[in-house]
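The next block holds one structure in the form of structure tokens; read it before the comments.
The values are calculated or read from the model by the stated rules, or taken from the named source; none is laboratory data. The shown structure was predicted, so the numbers you read here are calculated from the model rather than taken from an experiment. A quick note on method: Cβ atoms are made from the backbone with ideal geometry, for glycine too, and the neighbour counts reach across all protein chains shown.
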Amino acid sequence: MDNFWQNFITYIGSLVVIMPAFVWLIKKIADHFFSNKLEQYRASLEKENEKFRITYEKLHAERADVIKNIYKKIATTHDSLLSVTSPLQLNGEDPISAKRAVFVKNANDLLVYFDENKIFFSKSLESKIDSLNTDFKLVWNKWASSQGGYTGNGHDIDKWHEAWAHAKNESSKVRVEIEDEFRQLIGIE
């Protein structure tokens, strides 16, 4: 029986020495395994984050480019509308027929470009740009009717002045609202 207890104590003693070493070894293997998995997961997340960042930067740059281009088209269309509808046509300026052609080209370019890129704008801003385009058409129709364009009856100076005043005042207000929103979008205000 003494031998039994001696063997038992030796066995327990061996376990006490071996078991912590075994637990330590298992822990190291698990740490190594999970550390590798964690590093792989971290690398995967960093790769996805980089893809997202690059995509976002490209999209933001493209949106800024669209804003810049649409603003140029709005400005040139509005300026050409003001030029053609101005009651004061000076000597040396292009004839009204040339100004008319410039406005029509600018207005069409604006409409096509906006239609192709309206996805870059909020519904609110899209509505304002649509409103400005509608306003340009309204002014154009008033002006064209003042020129006898629809009736052939000659010039109606009051309608002509009304068209120009609308382009100068009302259209300009909407243009300024759009400018303000563009500034906010690109982070200027």
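Can you find a residue that is surrounded by 11 or more Cβ atoms within 10 Å (Cβ to Cβ) and at pLDDT 90 or above anywhere in segment 52-64?
First, the residues of segment 52-64 that are surrounded by 11 or more Cβ atoms within 10 Å (Cβ to Cβ): 59-60, 62-64.
So of that shortlist, the ones also at pLDDT 90 or above come out as 62.
Yes, segment 52-64 has at least one match.
For residue 130, indicate whether it is acidic (Asp, Glu) and part of a helix (DSSP H, G or I).
yes
Taking residue 182 and the conditions (1) surrounded by 14 or more Cβ atoms within 10 Å (Cβ to Cβ); (2) under 31 Å from the mean Cα position of the chain (by Cα); (3) free of Cβ contacts under 8 Å to residues at least 60 places away in the same chain, which numbered condition does it fall short on, given that it satisfies the others?
(3)
Out of segment 74-89, which residues are in a helix (DSSP H, G or I), at pLDDT below 95 and more than 16 Å from residue 170 (Cα to Cα)?
Once the filter is applied, which keeps residues that are in a helix (DSSP H, G or I), at pLDDT below 95 and more than 16 Å from residue 170 (Cα to Cα), segment 74-89 yields only 84.
Among the residues of segment 110-122, what is the count of those that are loosely packed, with under 15 Cβ neighbours inside 10 Å and modelled with pLDDT of 95 or more?
Number satisfying all stated conditions: 3.
Please state which one of 103, 34 is surrounded by 12 or more Cβ atoms within 10 Å (Cβ to Cβ) and either in contact (Cβ under 8 Å) with a residue 12 or more places away in the chain or more than 30 Å from residue 184 (Cβ to Cβ) (or both).
Sole residue among the options that is surrounded by 12 or more Cβ atoms within 10 Å (Cβ to Cβ) and either in contact (Cβ under 8 Å) with a residue 12 or more places away in the chain or more than 30 Å from residue 184 (Cβ to Cβ) (or both): 103.
Scanning segment 72-94 for residues that are of a type outside the set (Val, Ile, Thr), within 19 Å of residue 139 (Cβ to Cβ) and within 20 Å of the chain's Cα centre (by Cα), which turns out surrounded by the fewest Cβ atoms within 10 Å (Cβ to Cβ)?
Residue satisfying both the conditions and the ranking: 75.
Look through segment 132-161, keep the residues that are among the acidic types (Asp, Glu) and at pLDDT below 90, and return whichever of them is surrounded by the most Cβ atoms within 10 Å (Cβ to Cβ).
Here is the first cut: in segment 132-161, the ones among the acidic types (Asp, Glu) are 135, 156, 158.
Now narrow it down to the ones that are at pLDDT below 90: 156, 158.
Working: 156: 17, 158: 9.
Out of the qualifying residues, it is 156.
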